[in-house]
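Take a look at the structure set out below.
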Amino acid sequence: MSGILVISGPSGSGKSSLMHKMMEEIGDTYFSVSTTTREKREGEVDGRDYFFVSRDEFEKDIEEGYFLEWAKVHDNYYGTSIKQIEKKLQEGKTVVLDIDVQGYKIAKEKLGDVITSVFITTPNQKTLRERLVKRGTDSKEIIEKRVKNALAEMREINLYDFFIINDDFETALDSLVSIVKASKSKTSSFDLQNFVKSWESKE
């Protein structure tokens with residue numbers, strides 16, 4: 001059994017905290033580390049949070065077909081390596097992707113029903129803005145860009161399989177864990193043809 005879990009949502013929605021806590025509880029998962037051209041934030045580690053590369057390196061990788069999906073957000077590139085994903089799927093792990101709406105559309109087009117998608121957001125725009133300010137990692141200008149981007153992303157919620165409002169962390173976490181557990185029983189996670197043949201066997 002294996003599959004891909006895509007988690008999207010506005011920056012500041014708490015999706016990263018929920019995702020990492022869910023992975024602790026579920027186990028047997030692999031977080032696909034994205035590649036980006038943005039500057040490293042305080043406390044971030046190259047290879048753990050992101051692979052930090054130059055714009056030239058990223059554009060070269062695009063040309064060579066290195067990415068499952070990639071997108072340009074807030075003037076920076078973000079992308080997901082396809083090689084590691086394929087390897088982990090073959091090992092039977094649930095691969096977790098933290099990607100934006102643009103990236104999800106591309107990944108869904110390429111991989112279809114192998115993906116289970118979840119959109120995580122705050123109860124309202126006011127809460128999102130407050131969380132971004134409280135985080136203290138972005139300038140006022142960047143915060144406004146993030147809120148504007150969030151407004152556009154919210155209009156794409158209907159593309160996702162599931163929708164979680166992160167108002168209470170524990171409640172949101174329970175919902176996310178339940179979704180991941182259910183995704184392991186999706187028919188697309190199994191080699192159904194071989195299973196049916198085995199089931200039909202009289203031996």
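What follows is calculated from the coordinates using simple rules that are stated; it is not laboratory data. Source: prediction; values computed, not measured. Please note: Cβ atoms are built from the backbone with ideal geometry, for glycine as well, and neighbour counts cover all protein chains shown.
Of the residues Ser8, Asn158, Leu89, the one whose Cα sits farthest towards the positive end of the charge dipole of the chain is Asn158 (charges of +1 on Lys and Arg Cβ, -1 on Asp and Glu Cβ, taken about the Cα centre).
Only the Cβ atoms of Lys and Arg (+1) and of Asp and Glu (-1) were treated as charged; on that basis the dipole of the chain about its Cα centre amounts to roughly 360 debye.
Comparing mean-square fluctuations of Gly12, Gly103, Gly112 from a GNM of the chain with C-alpha springs under 10 Å, the top value falls on Gly112.
What do you get when you divide the Cα radius of gyration of the chain by 2.2 N^0.38 Å, with N the number of residues? All intermediate terms of the calculation are to be shown ahead of the outcome.
Details: Rg = 17.9 Å, N = 203, 2.2 N^0.38 = 16.6 Å.
Normalised by 2.2 N^0.38 Å, the Cα Rg of the chain equals 1.08.
Any idea what angle helix 140-154 forms with the longest principal axis of the chain, computed on alpha-carbon atoms, 0 to 90 degrees, nearest 10? So the inclination is approximately 30 degrees.
Take peptides 85-95, 51-61 and line them up by average Cβ neighbours within 10 Å, highest first, as a rough protection proxy.
Numbers: 85-95: 16.1, 51-61: 14.1.
Ranked by mean Cβ neighbours within 10 Å, highest first: 85-95, 51-61.
Between amide H atoms placed 1.01 Å from N, distances below 5 Å from Thr116 occur with Ile4, Leu5, Val6, all of them 5 or more places distant or on a separate chain. In straight-distance terms, cross-link reach from Lys108 covers every one of the lysines whose alpha-carbon lies under 23 Å from its own, apart from those fewer than eight places away in the same chain; here that gives Lys15, Lys72, Lys83, Lys87, Lys88, Lys93, Lys181, Lys184, Lys186. Springs join every pair of Cα atoms under 10 Å in this Gaussian network model of the chain, and among Thr116, Thr35, Thr127 the largest mean-square fluctuation is at Thr127. Ranking Leu68, Leu111, Leu18 by Cα position along the charge dipole of region 3-189, where only Lys, Arg, Asp and Glu carry charges on their C-beta atoms, puts Leu18 farthest toward the positive end.
Against the main long axis of the alpha-carbon atoms of the chain, helix 125-135 sits at an angle near 80°. Remark on Phe31: its backbone amide H falls under 5 Å from those of Val96, a criterion applied only to residues 5 or more positions apart or on other chains, H modelled at 1.01 Å from N.
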